[in-house]
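> For reference, the structure I am asking about is given below.
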Amino acid sequence: MIGIDLSQKTILMTGALGGIARQIVLTLLDAEARLVLTDKANEDEAARTLAAWQVDRERALYRQLDVTDGRAVARVVKEVMEQFPGLDTVLGHAGGCGLHPFDTTSEEEFDRIFRFNFMAQTYLARAVFMAWAQRHVAGHLIFTSSYVASVPHARITAYTTAKAALESLTRCLALEYAAQGIRVNAIAPGNVAAGASLKVFEEDRAYREFVLRVSPLGERNTAQGVADVFLFLCSPMAREMTGQVVGVDMGVSIPKIG
């Protein structure tokens, strides 16, 4: 079995307190990485969550951050990069939504969902690339997309279009910043049995039937399966990858006819 050692790596992660994030955090810590975790929860709430996960706080620092606030993102990234000048891996994991049918979703709510899942990632990328350019760091930015970026899905239109835009952003940034040695990739999970996906799956029968119907393997993804792909992309084994969207979706994104 190939062991992955990230003991020399510090990783910044947004959206770090969710259901899928839990397994990503634990998996990266198992590989001995040092983490800087951010989410919208305050310090006390985060401390309780991380304690429940049995996370070693000496190796997992926490900063409260609203990723939809571009100025806050720029400030936190600047401070983190000053504290860890060699930090070369960033996970743009923040995102998510519930069901929101297009005709009953207000303009404000549609904009909020799109901003959270797409615009916030542009804020992160801008701040991170600026810091890496100043320090001449050949970094790696990894976004979390979703299978719905390529598989049409009803009642989550703002989310699906945001993720489609994010995958295009991934490829464009990878091309634009390749000359600086900066890499950009994304992971596109299927329906994961954790977090917001699990809640909607359990509460909405039509959604549940759709998910099970479109999965060739007849199963949902596990959070561990997604975390394993993050671990791979954070490792030296992925050093030749950029501009890629890696699907881990039980085959949901395979084109189908009939």
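> For a quick check of your reading: which strands (runs of 3 or more DSSP E) sit entirely within the range 1-85 and have at least 3 residues that are modelled with pLDDT of 95 or more and surrounded by 22 or more Cβ atoms within 10 Å (Cβ to Cβ)?
Correct list: 10-13, 34-39.
> Now for a different question. Can you tell me how many residues in the range 236-255 are small (G, A, S) and surrounded by fewer than 18 Cβ atoms within 10 Å (Cβ to Cβ)?
2
> Being in contact (Cβ under 8 Å) with a residue 40 or more places away in the chain, outside any helix (DSSP H, G or I), crowded, with 17+ Cβ neighbours inside 10 Å and β-branched (V, I, T): is that true of I187 here? Break it down stepwise before answering.
On the way: in contact (Cβ under 8 Å) with a residue 40 or more places away in the chain: yes; outside any helix (DSSP H, G or I): yes; crowded, with 17+ Cβ neighbours inside 10 Å: yes; β-branched (V, I, T): yes.
So I187 fits the description; yes.
For every residue, the table says whether it meets (1) among the hydrophobic types (A, V, I, L, M, F, W, C); (2) buried (at least 17 other Cβ atoms within 10 Å of the Cβ); (3) in contact with a Leu (Cβ under 6 Å, 6 or more places away or on another chain); (4) outside any helix (DSSP H, G or I).
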{"residue": "C97", "(1), (2), (3), (4)": "yes, yes, no, yes"}
{"residue": "D103", "(1), (2), (3), (4)": "no, no, no, no"}
{"residue": "E108", "(1), (2), (3), (4)": "no, no, no, no"}
{"residue": "F114", "(1), (2), (3), (4)": "yes, yes, no, no"}
{"residue": "N117", "(1), (2), (3), (4)": "no, yes, no, no"}
{"residue": "A120", "(1), (2), (3), (4)": "yes, yes, no, no"}
{"residue": "L124", "(1), (2), (3), (4)": "yes, yes, no, no"}
{"residue": "A131", "(1), (2), (3), (4)": "yes, yes, no, no"}
{"residue": "V151", "(1), (2), (3), (4)": "yes, yes, no, yes"}
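> Could I ask something else about it? Can you name every residue in the range 190-213 that is farther than 30 Å from H140 by Cα, hydrophobic (A, V, I, L, M, F, W, C) and surrounded by fewer than 18 Cβ atoms within 10 Å (Cβ to Cβ)?
A206, F210, L212
> While we're here: Out of G95, G139, G86, I need the residue that is within 23 Å of F210 (Cα to Cα), in contact with a strand residue (DSSP E or B) (Cβ under 9 Å, 6 or more places away or on another chain) and not basic (K, R). Which one?
G95
The values are calculated or read from the model by the stated rules, or taken from the named source; none is laboratory data. These figures come from a predicted structure and were not determined experimentally. Cβ atoms come from the backbone with ideal geometry, glycine included; neighbour counts cover every protein chain shown.
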